[in-house]
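> Following this message is one structure expressed as structure tokens.
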Amino acid sequence: MDLHHVPTTREKGWYLALMAPNTKGPHYAWLDPSRLYCHPQGLQDCVADLLQPFQGDPIDLVAGIDAMGFILGAAVAATLRKGFLAIRKAGHLCVETLTEPYTDYSGREKVMEMRTDTVSPGVRVLLVDQWVETGGTMRAAIRLLERQGGVVAGVAAICIEDSEGGRWIRERYKCSHCVPPQLQPRFDRHQLGWE
């Protein structure tokens with residue numbers, strides 16, 4: 001899809017066709033949404049679709065998860081006119097942090113960290129990541145936030161797969177994603193929906 005073309009009819013998820021399949025192997029996500037961020041209208045519509053379920057909800061802060069969640073999270077924070085908190089892979093913050101171990105989508109053991117001077121008890125945080133595949137990364141971010149007394153206002157991602165971890169998150173938190181219902185089964189099987 002041309003990065004300057006905007007369809008006449010823009011239904012939810014039209015911008016998903018901007019994403020590209022993985023060509024580098026199993027240690028990479030199956031699909032790369034980063035080209036979507038280069039399309040001005042695609043990015044705006046993606047953010048609008050993610051925020052639609054949270055209209056009128058109290059949100060104090062937006063947190064994005066390292067690293068691709070930073071892009072989408074910062075765009076969401078700017079749209080909401082809220083601050084942005086980066087939840088990082090361990091070893092990148094030079095301030096006091098809390099850490100949380102997790103297993104990522106490829107099965108690798110990792111540690112995530114979050115600064116301790118930003119979230120106070122009762123602060124309502126919208127957690128944003130690019131993708132929720134197994135749910136391990138998002139669950140670690142939730143644990144970090146809740147350990148500091150923060151409240152998960154919601155979880156937003158381009159796709160929240162119907163995995164055990166994805167279902168766990170959906171059952172406990174208000175969620176938003178961009179994949180239309182008719183395409184969700186294909187995304188859960190890691191098949192492109194526009195082939």
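> Taking segment 47-87 on its own, how many of its residues are out of contact with any Gly (no Cβ under 9 Å at 6 or more places or on another chain), surrounded by fewer than 17 Cβ atoms within 10 Å (Cβ to Cβ) and either under 24 Å from Leu31 (Cβ atoms) or hydroxyl-bearing (Ser, Thr, Tyr) (or both)?
The number of residues fulfilling the criteria is 4.
> Condition first: open to solvent by 70 Å² or more (accessible area, probe 1.4 Å), in contact with an Asp or Glu (Cβ under 8 Å, 6 or more places away or on another chain) and under 15 Å from Trp131 (Cα atoms). Now tell me which residues in segment 162-195 satisfy that.
Asp162, the sole residue that qualifies.
> Which of the residues spanning segment 85-109 are under 11 Å from Asp66 (Cβ atoms), without any contact (Cβ under 8 Å) to a residue 40 or more places away in the chain and within 18 Å of the chain's Cα centre (by Cα)?
Ala86, Arg88, Lys89, Asp104, listed by residue number.
> Let me ask something additional. Just give me the residues in segment 139-161 being under 16 Å from Asp188 (Cβ atoms) and outside any loop (DSSP other than H, G, I, E, B), in sequence order.
Start the filter on segment 139-161 by keeping residues that are under 16 Å from Asp188 (Cβ atoms), which leaves 157-161.
Those that are under 16 Å from Asp188 (Cβ atoms) and outside any loop (DSSP other than H, G, I, E, B): Ala157, Ile158, Cys159, Ile160.
> If you scan segment 36-64, which residues turn out to be under 15 Å from the mean Cα position of the chain (by Cα) and closer than 15 Å to Thr118 by Cβ?
Within segment 36-64, Leu61, Val62, Ala63, Gly64 qualify.
> Go through segment 5-47 and give me each residue that's free of Cβ contacts under 8 Å to residues at least 12 places away in the same chain and either in contact with a Leu (Cβ under 9 Å, 6 or more places away or on another chain) or more than 19 Å from Asp188 (Cα to Cα) (or both).
His5, Pro7, Thr8, Thr9, Asn22, Lys24, Pro40, Gln44 - these are the residues of segment 5-47 that are free of Cβ contacts under 8 Å to residues at least 12 places away in the same chain and either in contact with a Leu (Cβ under 9 Å, 6 or more places away or on another chain) or more than 19 Å from Asp188 (Cα to Cα) (or both).
> Looking at segment 115-132, is at least one residue closer than 26 Å to Pro26 by Cα and aromatic (Phe, Trp, Tyr)?
yes
Results for (1) under 16 Å from Gln130 (Cβ atoms); (2) out of contact with any Leu (no Cβ under 9 Å at 6 or more places or on another chain), shown as yes or no for each residue.
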residue	(1), (2)
Val62	yes, no
Leu72	yes, no
Ala75	yes, no
Lys89	yes, yes
Asp104	yes, yes
Glu109	no, yes
Asp117	no, yes
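> Cβ-Cβ distance below 9 Å, separation of 6 or more or different chains: which pairs start in segment 112-128 with a residue that is within 18 Å of Lys89 (Cα to Cα) and of a type in the set (Asp, Glu) and end on one that is open to solvent by less than 10 Å² (accessible area, probe 1.4 Å) and part of a loop (DSSP other than H, G, I, E, B)?
Listed pairs, sorted by first residue: none to list.
The values are calculated or read from the model by the stated rules, or taken from the named source; none is laboratory data. Everything numeric here is computed off the predicted structure, so don't read it as measured data. Heads up, the Cβs are rebuilt from the backbone with ideal geometry, glycines too, and the neighbour counts pull from every protein chain shown. Please note that ligands, DNA and RNA were not included when accessible areas were found on the heavy atoms of the full protein model with its side chains. Shrake-Rupley method; radii C 1.70, N 1.55, O 1.52, S 1.80 Å.
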